[in-house]
Structure formats: C-alpha cells, structure tokens
Amino acid sequence: MSFTSRRKFMQATGAVAAAVCVGADRLAAKPLNKPVGLQLHSVRELLPKDFDGTLSKLRAAGYTEVEAAGYFDKTAAEFRHAMDAAGLRCVSTHHPLAALQSKLDELIEYGHALGLDYMICSSSHRRDPAAKGPLDLDDWRWAARELNRIGEKVKAAGMTFGVHNHTPEFASEGGVVFYDELLRLTDPRLVVFEMDCGWVVAAGRNPVDYLSKTPERFPLLHVKDMAKEASGQFHSTVMGRGVVDYKPILRAATGLKHYFIEQEEFDLDTMEALRLDAEYMRKLDL
C-alpha cells in the first residue's frame, strides 16, 4: 500500500472510530434506558371499577412495569394473572409500616407469588400509637430500627426492602434532618430508598444532593411533576408542566434500576394524562 493510500485509509478508519466514540458518548449521555413504570396509586379510582380493563389501557398508554399500592381483594394468583394478561410486570409493592409489622409473613408470601423484586414501606407511624402529631426524631430513629428488622426478613426471603418518602421526612429537629437520619441508621445491606422526587422538591430540598452522594442507595425513583400554587402549596400535574427538572435528577441517579411515574391529581382524563406522562419520559433527552 502506498503512503498516500495508507494515509487515506488511516483517515477513513479514524473517522469511523471517531463516529463510534461520538455514538458511544451519546449512548452514555442517556442513562435512562429503563422500562416506563407506573405506581398504581395513580389509577386507584379506576382499578376497583374495571381492574383488567384499566391494566390493559395502561399497557396501551406505554407502560410495561408497575408498582402496586394495594391488592384490591385479589389473590396473588388473580393479581398476577391480570398483570400477565395485560402485558405488565409488577416489580414492586407499597405497604405502610403498620401492615409490615403486623402481617409481614403473609405479605412476603403474596409477594413471592406475585414475583416481586421489591417490597417498599410507603409510610411510617409514631412508635406510640396513642401519640398525636407528626413523627419526632425519636420516632424516626425507632422507625429506622424497624426498617432494618423488616429488611433483614425480606432479604432472607429473596426480595429487596426499601422505604418511600413524602414531605415529613425532610423536617428537622435539633439540626438533624429526619431523612438524613434514616439514611444514616438504616443498613444499606437491608434497606434501600425509593425517592419520591416530587415530594422532595415540595419539601424544599434538591433530589440531586442525595442522589449524587450515595446513588447506590436509590435503585428506585418515583417520578412526579409538581405545580406550585400561588399559596405556595404543590399539587401533582402532568410531567413537564410543573417545576421539577428531571434532567439533572436522572443524570445523578446512576444507581437507578426502575422508576415509576406517579400522578396523584388530574385536571384532564386520567388515561390521557398518564399517556402524556409516559410519552414525556420516553422522549426525555438527558
């Protein structure tokens, strides 16, 4: 091969290599290569009226994974059959702490039959059932111990246990933010976190601050947009119409395994809103 031919060859192969690198960079810049999931609390009013039909509509709207929020009086076999028939996979489920404490074995057995990967504590309660008002720091420390205890049993059963947040977790006492204390006191081997990004923002915090520090503790996210009212209150809205910027959040979520869209309030047809939510996430360019 002549020097000129060799130079042309090297230039051509270099261009190809550069194009491959650019393509790889573009792929690397899109970490959200995940199925579109939905937290079924979003359709809590529709499921009791038409369980199978609602699930089929969700699949048509672009969802392939779901997270349960109650089982609607169905056996595990019935629930799983309905999911399979709709072409959906139930990856995770929510239970309040009280239910996990009182009937954990039953919920684990149901979860196994359903094929769950995750069981999530949706909300906590005060250690003294007679106590009034929001949880204080001692309550959250007690809750952390309970979460570790439950997490050990769930792990032994072959699933992963986690905890979901609302806004109270971001209050503080004596300079200690409750959510920070949960992260500190729960064992990473036993308890993961499902960050509800919308509620974090509503609480005046930035999800990126947590995700960038310990991304491995956040394999699950609730993806929810929030609109801020004149009063300063927040309400759930269609993705892309609120104040939550998901690009930096999802870039920081390098430990992400599944995400679940959750819209709790609607000012248009529920299924149309959820279709728009799924479309927004599919088109989101990180």
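Okay, here's what the table says:
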| item | result |
| --- | --- |
| Paired Rg and Dmax values of the range 136-286, which use every Cα atom, in angstrom | 16.1, 48 |
| Nearest 10 degrees, 0 to 90: helix 51-60 Cα axis against the chain principal axis | 20 |
| Pairs beyond 30 Å (Cα-Cα), from K103/K228; K74/K257; K57/K213; K213/K283; K74/K155; K74/K283 | K103/K228; K57/K213; K74/K283 |
| At most 16 other Cβ within 10 Å, DSSP loop - GluC sites (Glu not before Pro), the range 205-274 | E229, E264, E265 |
| Crossing angle, helix 137-156 versus the chain [Cα axis fit, 0-90 degrees, rounded to tens] | 70 |
| In order through the range 160-171: 3J(HN,Hα) via Karplus (6.51 cos²θ - 1.76 cosθ + 1.60), integer Hz, x for Gly, Pro | 10, 9, x, 9, 9, 10, 10, 8, x, 4, 9, 6 |
| Potential lengthening between D245 and A76 on full extension [0.36 nm per residue; Cα-Cα distance subtracted] | 57.1 nm |
| Global form of the range 125-209, assessed from the alpha-carbon gyration tensor, a/c cut-off 1.5 | oblate |
| Of M83, S56, L220, farthest towards positive along the dipole that unit charges on Lys, Arg, Asp, Glu beta carbons give the range 37-283 | L220 |
| Candidates A130, A76, A252, ranked by Gaussian network fluctuation over the chain, Cα under 10 Å, top entry | A130 |
| Angstrom value of the Kirkwood radius, inverse mean 1/r, which spans all Cα pairs in the chain | 20.6 |
| Extension gain, E229 back to D138 (0.36 nm per residue minus Cα-Cα distance, nm) | 29.5 nm |
| Over the chain, relative contact order from alpha-carbon pairs under 8 Å, at least 6 apart, % | 18 |
| The chain, helix-only ellipticity at 222 nm - DSSP H runs n ≥ 4, -39,500 (n - 2.57), divided by all residues, nearest 500 | -13500 deg cm²/dmol |
| Relative contact order of the range 28-148, defined on C-alpha pairs under 8 angstrom at six or more residues apart (%) | 20 |
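Every number in this text was worked out from the coordinates using simple rules, so none of it is lab data. Because the structure is predicted, anything quoted here is derived from the model rather than measured. Note that each Cβ is placed from the backbone with ideal geometry, even for glycine, and that neighbours are counted across all protein chains shown.
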